[in-house]
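Structure, as structure tokens:
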Amino acid sequence: MYQRLYNIFRGFLALFVKDLERRNPEALLELEQESLREQVASFNQGLATHAGLCERLMGQVRKLETEEREVRARTTAHLRAGNRSVAAQHALRLQTVERELAENRRQLEQAERTYQDLVKARDVAVRQARAKIESLKGAINDMRMNQAMAEMHEMAAGMVTEIGGSGDTLNRLHEMVEEERTRAAGRARMARDSMDMDDVELKQAEMDALADQALADFAAREGISIGSETPAPAPAERAMGGAGQRRSESENG
């Protein structure tokens, strides 16, 4: 029972982590880069240890080469001097040194070859990993750009749908505005037709005549000549009667 619950929990946790990785590929790529750096550092430590082994073998080879020359010289000298016993001992030691020297040279050659192969393998692996990382960076950037374009297209499509869906509302609003405009135009026409324009014109003529009369009175008091006056309109004459006409004639005389 507990194992089943543990498996379910692990499944949900794996789904959660996978979703996080899908949403944040940059973080996962950065983690892989850090892992690559750690692996390269660890590999370099191994190479350093192997390089140390190569240096130790090279030191042994140099030491044995020096000993070989010395033992060979001693053997030759004792043999020429007639010391066969001592020369034989040096000859035996020379054989041992030559055998060790050959073995160390063989080991050094193998170690150098292994070191060069390891360096080459490291460089190839690092180049491949870097190329893959750069390719993934380009793919992630392209993915982000496509996601942004998709969101813009979806937004544009949503705006078109919303604008198209609001057509009924706009049509109703247009009908309401047209109806109110027509009704207001009808009311204005009805008011204009019901207005007595003759009465308005008569009142306007009366006001103009009164204004002219006031101006004439003012000019007479001040002794200012304002020239011949324009005859008053006929409606004003009818409204003011004969008294107004006699007053105008006396002013002209």
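None of the figures in this text is laboratory data; all of them are computed from the coordinates on show. Everything numeric here is computed off the predicted structure, so don't read it as measured data. For neighbour counting, all protein chains shown are included, and Cβ atoms are generated from backbone atoms with ideal geometry for every residue, glycine included.
What distance in nm separates the two pseudo spin-label positions at M58 and A41, each 7 Å out from Cα along the beta-carbon direction?
Between M58 and A41, the label points sit 2.7 nm apart.
Could you give the length gained on full extension between Q147 and E175, defined as 0.36 nm per residue of separation minus the Cα-Cα distance, in nm? Can you show the working numbers first?
Details: separation 28, 0.36 × 28 = 10.08 nm, distance 4.24 nm.
Result for the pair: 5.8 nm of gain on full extension.
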